[in-house]
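Heads up, the thing below is written out as structure tokens.
The values are calculated or read from the model by the stated rules, or taken from the named source; none is laboratory data. Remember, predicted model here, so these are calculated numbers, not experimental data. Using ideal geometry, Cβ is built from the backbone for each residue, glycine included, and neighbour counts are taken over all protein chains shown.
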Amino acid sequence: MTPEQYRARCVRFLNAQPHMCRLGIRLIRAEKSKATLVLPVQPQLISTVLDTYLHGGVLTTLVDAASSVSTLCALDRFELCPTLDLRIDHMRTPVQSQPLYVAAECYRVTRSVLFTRASVYQDDPAHPVAYAIATFMRPEGGATESAFSTLIEGEPDAATA
């Protein structure tokens, strides 16, 4: 696949999920087995009580999205691969005035499981806000077709149907 095809697949996946759109999560880059997303600074995510603008659930959503998108970039065709496990190690508190970026990589693909790692950062990738690892299930060894996959990839052509 070309970088444009990876990008189109990832954007369709993100746009098909209302909570991703609501949070403003956007794709920055997509290539073979890798993706980078951004969560822009948003007033509704800023806390006046805490010195951060990020609820833990928002960070988890961002990391899960980036990790999921990296699996889309590792596979030859779209597969709906649910998250099996996600672990996030928080390294420091993000600041309110900067967007959050997450760079994710699907580093191993097996018949039944995909393995990813991700780094969340703000101004400098060398100073992460968090690290994450995740695994994703490949139902039926990747041989499934669903309404969601049709939405993302489009209708199967006559030769493959």
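Of the residues making up the range 118-134, those that are in contact (Cβ under 8 Å) with a residue 24 or more places away in the chain, of a type outside the set (D, E, K, R) and either out of contact with any Leu (no Cβ under 7 Å at 6 or more places or on another chain) or surrounded by fewer than 18 Cβ atoms within 10 Å (Cβ to Cβ) (or both) are ALA118, GLN122, PRO125, HIS127, PRO128, TYR131, ILE133. The residues on offer are VAL41, VAL58, and the sole one that is within 17 Å of HIS19 (Cα to Cα), part of a loop (DSSP other than H, G, I, E, B) and at pLDDT below 90 is VAL41. When residues in the range 20-38 are screened for being assigned to a loop (DSSP other than H, G, I, E, B) and of a type in the set (A, V, I, L, M, F, W, C), 1 of them pass.
Hey, could you check the range 1-19 for residues that are touching a helix residue (DSSP H, G or I) at 6+ places or on another chain (Cβ under 6 Å) and either of a type in the set (A, V, I, L, M) or outside any helix (DSSP H, G or I) (or both) and say which is nearest to VAL95 (Cα to Cα)? Don't jump to the end; show me each part of the working.
Looking only at the range 1-19, we keep the residues that are touching a helix residue (DSSP H, G or I) at 6+ places or on another chain (Cβ under 6 Å), and these are 9-10, 12-14, 16.
Filter once more, keeping what is either of a type in the set (A, V, I, L, M) or outside any helix (DSSP H, G or I) (or both): 14, 16.
On the way: LEU14: 25, ALA16: 29 Å.
By that ranking, first place goes to LEU14.
Just one of the numbered conditions (1) closer than 21 Å to ALA30 by Cβ; (2) touching a residue at least 24 places away in the same chain (Cβ under 8 Å); (3) among the basic types (Lys, Arg) is not true of ARG92: (1). Here PHE115 does not qualify as part of a strand (DSSP E or B), at negative phi, touching a Leu at 6+ places or on another chain (Cβ under 6 Å) and among the aromatic types (Phe, Trp, Tyr). Restricting attention to the range 9-37 and to residues that are among the small types (Gly, Ala, Ser) and surrounded by fewer than 16 Cβ atoms within 10 Å (Cβ to Cβ), the residue that is farthest from TYR121 (Cα to Cα) turns out to be ALA16.
One residue is enough: does the range 92-112 have a residue meeting the conditions outside any strand (DSSP E or B), closer than 23 Å to THR135 by Cα and touching a Pro at 6+ places or on another chain (Cβ under 8 Å)? Within the range 92-112, none of the residues are outside any strand (DSSP E or B), closer than 23 Å to THR135 by Cα and touching a Pro at 6+ places or on another chain (Cβ under 8 Å).
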